[in-house]
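*Asks:* Pasting in a structure now, in structure tokens, and then I'll have a few things to ask.
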Amino acid sequence: MNDLTQDELLYALEKAIPEIMEEHNAAAVAWNPHDWVPWADGKNFAFLGGEDFDPNQPSPLPDDVVKALLALLLTKDNMPSYHRLMAQKASIFGAWQQVIGTWTAEDNRHAIALRDYLVVSRLMDPEAAETLRLHHMTKGKLQTPKSVTDYQILDVLALLAVHELQCVSFGEKLLAASDSEVLKAIVEKIVHDDRVQAKTFANFLNAGVDANVAELIKSVDRALTELELIGADIDDFGDLEIIAPFNADAEKFVATALVADLKLQSLDGLDEAGEAARQRVLSAAGL
């Protein structure tokens with residue numbers, strides 16, 4: 001079992017970047033958010049002589065789907081927090097620039113497409129949504145002194161793998177609940193991106209298995225233990241019960257995927273703490 005310093009671990013992971021990003025780029029699909037938004041359905045708001053949002057207007061989508069879209073949008077809006085965490089533990093220069101920059105650019109499409117669709121379709125009050133966005137992004141995700149000192153590179157990679165898999169689970173339930181073909185097309189693009197990104201971060205975690213298996217399994221266990229349901233960290237979001245079906249079984253979905261990707265069922269040679277962490281991950285997957 002290797003016991004590398006953080007600098008040595010970062011260097012070991014960096015050597016895997018070319019192969020991992022080659023696989024990522026082969027699976028990724030380029031798309032433009034503006035292509036998928038039904039602009040002809042839109043009209044000006046009062047500021048430009050049109051009409052502001054009317055809360056009494058009939059909605060083409062059920063309330064739970066609209067609230068789930070808002071929760072996913074605000075989660076995607078908080079992408080800069082994850083970007084900062086990665087940049088703090090890796091580097092925004094050199095080989096890591098491709099990893100961090102590619103993920104940031106791809107994930108940023110999601111909030112653009114979702115917000116444009118929601119505003120054009122008038123599914124929610126855009127001023128209320130903007131107020132939530134400002135507060136949520138100002139608070140950030142894990143933007144505390146503890147996250148700077150306690151999180152290391154494998155912790156961040158595990159956090160991102162869990163985050164992306166959680167978004168896949170949430171997005172798949174959105175697809176099942178929506179009758180709108182336009183919305184489905186957007187969410188399908190987002191889910192595909194998230195699935196590819198989750199696999200990319202899992203591949204980095206696999207490189208971590210080779211470099212420092214004990215730290216890797218503890219990082220995965222920590223990320224699963226700290227998993228927050230989508231929407232739960234949004235202040236003033238309202239009743240989370242309405243979107244509970246979209247968050248259902250998220251931990252099991254994420255854990256099952258990571259157990260398979262990292263071959264955790266057959267992993268051995270761990271110390272007592274590492275084996276206890278592995279068993280917790282397996283238990284979360286229902287194994």
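*Asks:* List the trypsin sites (Lys or Arg not before Pro) in the range 170-251 that DSSP assigns to loop (not H, G, I, E or B) and whose Cβ has at most 11 other Cβ atoms within 10 Å. Which are they?
*Replies:* Answer by residue number: there is no such site.
*Asks:* Quick test of the membrane-span-like rule: which DSSP H helices of the chain reach at least 30 Å along their long axis (C-alpha atoms) with mean Kyte hydropathy at least 1.6?
*Replies:* Membrane-span-like by this rule: not one helix.
*Asks:* Now a separate question. Given +1 on the Cβ of Lys and Arg, -1 on the Cβ of Asp and Glu, and no further charges, what dipole in debye does the range 1-147 carry about its Cα centre, rounded to the nearest 20?
*Replies:* Dipole magnitude for the range 1-147 comes out near 380 debye.
*Asks:* Right, next: Taking the Cα centre of the chain as origin and charging only Cβ (+1 Lys, Arg; -1 Asp, Glu), how large is the dipole, in debye to the nearest 20?
*Replies:* The calculation lands at about 240 debye.
*Asks:* In angstroms, what radius of gyration and Dmax does the range 59-119 have, counting Cα atoms only?
*Replies:* So, for the range 59-119, Rg and Dmax equal 14.7, 48 Å respectively.
*Asks:* May I have the pair-distance distribution P(r) for the range 145-271, computed from all Cα-Cα distances with 5 Å bins from 0 and rounded to whole percent?
*Replies:* 2, 10, 19, 20, 18, 14, 9, 5, 2, 0, 0
*Asks:* Calculate what fraction, in whole %, of the accessible area of the chain sits on carbon and sulfur atoms when a 1.4 Å probe is rolled over the protein chains.
*Replies:* Carbon and sulfur: 53 percent of the exposed surface of the chain.
*Asks:* Accessible area per residue for the chain in Å², computed with a 1.4 Å probe and the full protein assembly in place, what is it?
*Replies:* Value for the chain: 47 Å² per residue.
*Asks:* Want the number for Thr149 to Met137: 0.36 nm per residue separation, take away the alpha-carbon distance, what's left?
*Replies:* 2.2 nm
*Asks:* Follow-up question, since we're still on this one. Starting from the range 58-122, pick out the chymotrypsin sites (Phe, Trp or Tyr not before Pro) whose DSSP state is loop and whose Cβ has at most 11 other Cβ atoms within 10 Å.
*Replies:* Of the chymotrypsin sites (Phe, Trp or Tyr not before Pro), the ones in loops of the range 58-122 whose Cβ has at most 11 other Cβ atoms within 10 Å are Phe93.
*Asks:* Put +1 on the Cβ of each Lys and Arg and -1 on the Cβ of each Asp and Glu in the range 118-266; which of Val120, Ser178, Val191 then has its Cα farthest toward the positive end of the dipole?
*Replies:* Farthest along the dipole direction, towards plus: Val191.
*Asks:* Which of the residue pairs Lys67/Lys139; Lys67/Lys252; Lys15/Lys139; Lys89/Lys184 have a Cα-Cα distance greater than 29 Å in the structure shown?
*Replies:* Long pairs (Cα-Cα over 29 Å): Lys15/Lys139; Lys89/Lys184.
The values are calculated or read from the model by the stated rules, or taken from the named source; none is laboratory data. Because the structure is a prediction, the values reported are computed rather than measured. Using ideal geometry, Cβ is built from the backbone for each residue, glycine included, and neighbour counts are taken over all protein chains shown. Each accessible area value is taken on the protein alone, full model and side chains, heavy atoms only, with ligands, DNA and RNA left out. Shrake-Rupley method; radii C 1.70, N 1.55, O 1.52, S 1.80 Å.
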